[in-house]
Amino acid sequence: MASDLSDLLVPELIVVGLPTTSKKALFTQMGALAAPILGVDARLLADGLAAREKEGSTGFGGGVAIPHARVAGVSRIAVAVARLAQPLDFNALDDAPVDVVLAMFSPPQAGGEHLKALARVARRLRDRALVAKLRGAGSPDAMYALLTDHGVRDAA
């Protein structure tokens with residue numbers, strides 16, 4: 001199902017209550033979180049997110065941001081998820097501070113796949129009810145379940 005992000009999400013890269021004070025700190029933290037899983041230097045990952053953010057805010061609206069980068073050494077598209085301890089100013093389109101972040105890392109050559117994955121994540125996060133549930137999720141497992149079709153929907 002198109003709304004199932006299980007092929008992109010890495011359960012080990014989901015954090016609840018991440019304390020951070022700035023976008024730069026957030027990108028550093030997301031890079032450090034993803035580095036051991038992706039086998040890529042944390043600074044490269046963080047710098048990739050920061051470079052993309054300089055082109056324009058990835059604040060998506062509704063308190064959600066989707067920072068993303070294509071980074072050398074990344075072998076597959078992977079999404080890290082963080083619910084921030086405190087909302088962060090992201091210069092989002094609606095000026096709302098961000099507290100739900102899905103950071104996407106892709107291989108440099110994944111042009112079309114990167115854009116398709118980004119569109120899937122964005123479509124999923126347009127669902128305000130889902131975002132509200134993500135804010136209320138008490139654990140990384142609960143957030144993973146909400147973003148995939150594992151146990152979230154009845155087979156109706």
Test THR58 against the stated conditions and say whether it is more than 22 Å from PRO11 (Cα to Cα) and surrounded by 14 or more Cβ atoms within 10 Å (Cβ to Cβ). yes
Exception for ALA78 within (1) small (Gly, Ala, Ser); (2) under 21 Å from PRO11 (Cβ atoms); (3) free of Cβ contacts under 8 Å to residues at least 40 places away in the same chain; (4) surrounded by 13 or more Cβ atoms within 10 Å (Cβ to Cβ) falls at (3)
Does region 108-129 contain at least one residue that is closer than 23 Å to GLY31 by Cα, over 16 Å from the mean Cα position of the chain (by Cα) and crowded, with 16+ Cβ neighbours inside 10 Å? yes
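Which of the following residues is of a type in the set (Asp, Glu) and in contact with a strand residue (DSSP E or B) (Cβ under 9 Å, 6 or more places away or on another chain): ASP7, ASP47? Before you say what the answer is, go through the steps one by one.
Details: ASP7 fails: in contact with a strand residue (DSSP E or B) (Cβ under 9 Å, 6 or more places away or on another chain).
Answer to the check: ASP47.
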Tell me which residues, restricted to region 129-145, are within 22 Å of PRO97 (Cα to Cα) and free of Cβ contacts under 8 Å to residues at least 24 places away in the same chain. ALA129, LEU130, ALA132, LYS133, GLY136
Among the residues that make up region 68-76, is at least one of them closer than 16 Å to LYS23 by Cβ, aliphatic (A, V, I, L, M) and in contact with a Ser or Thr (Cβ under 6 Å, 6 or more places away or on another chain)? no
Going through (1) surrounded by fewer than 17 Cβ atoms within 10 Å (Cβ to Cβ); (2) on the phi < 0 side of the Ramachandran plot one by one, VAL71 fails only at (1)
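Conditions (1) open to solvent by 10 Å² or more (accessible area, probe 1.4 Å); (2) within 18 Å of LEU5 (Cα to Cα); (3) modelled with pLDDT under 95, marked per residue:
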{"residue": "GLU53", "(1), (2), (3)": "yes, no, no"}
{"residue": "PRO87", "(1), (2), (3)": "yes, no, no"}
{"residue": "ASN91", "(1), (2), (3)": "yes, no, yes"}
{"residue": "ASP95", "(1), (2), (3)": "yes, no, yes"}
{"residue": "VAL101", "(1), (2), (3)": "no, yes, no"}
Would you point out the residue of region 22-51, among those that are in contact (Cβ under 8 Å) with a residue 40 or more places away in the chain and open to solvent by 30 Å² or more (accessible area, probe 1.4 Å), that is farthest from SER75 (Cα to Cα)? SER22
The conditions are (1) closer than 16 Å to LEU33 by Cβ; (2) modelled with pLDDT under 95; (3) among the charged types (D, E, K, R), and ARG128 fails exactly one of them. Which is it? (1)
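The values are calculated or read from the model by the stated rules, or taken from the named source; none is laboratory data. Computed from a predicted structure; not experimentally measured. Cβ: placed from backbone, ideal geometry, glycine included. Neighbour counts: every protein chain shown. The accessibility values were calculated without ligands, DNA or RNA, using every heavy atom of the protein model including side chains. Shrake-Rupley method; radii C 1.70, N 1.55, O 1.52, S 1.80 Å.
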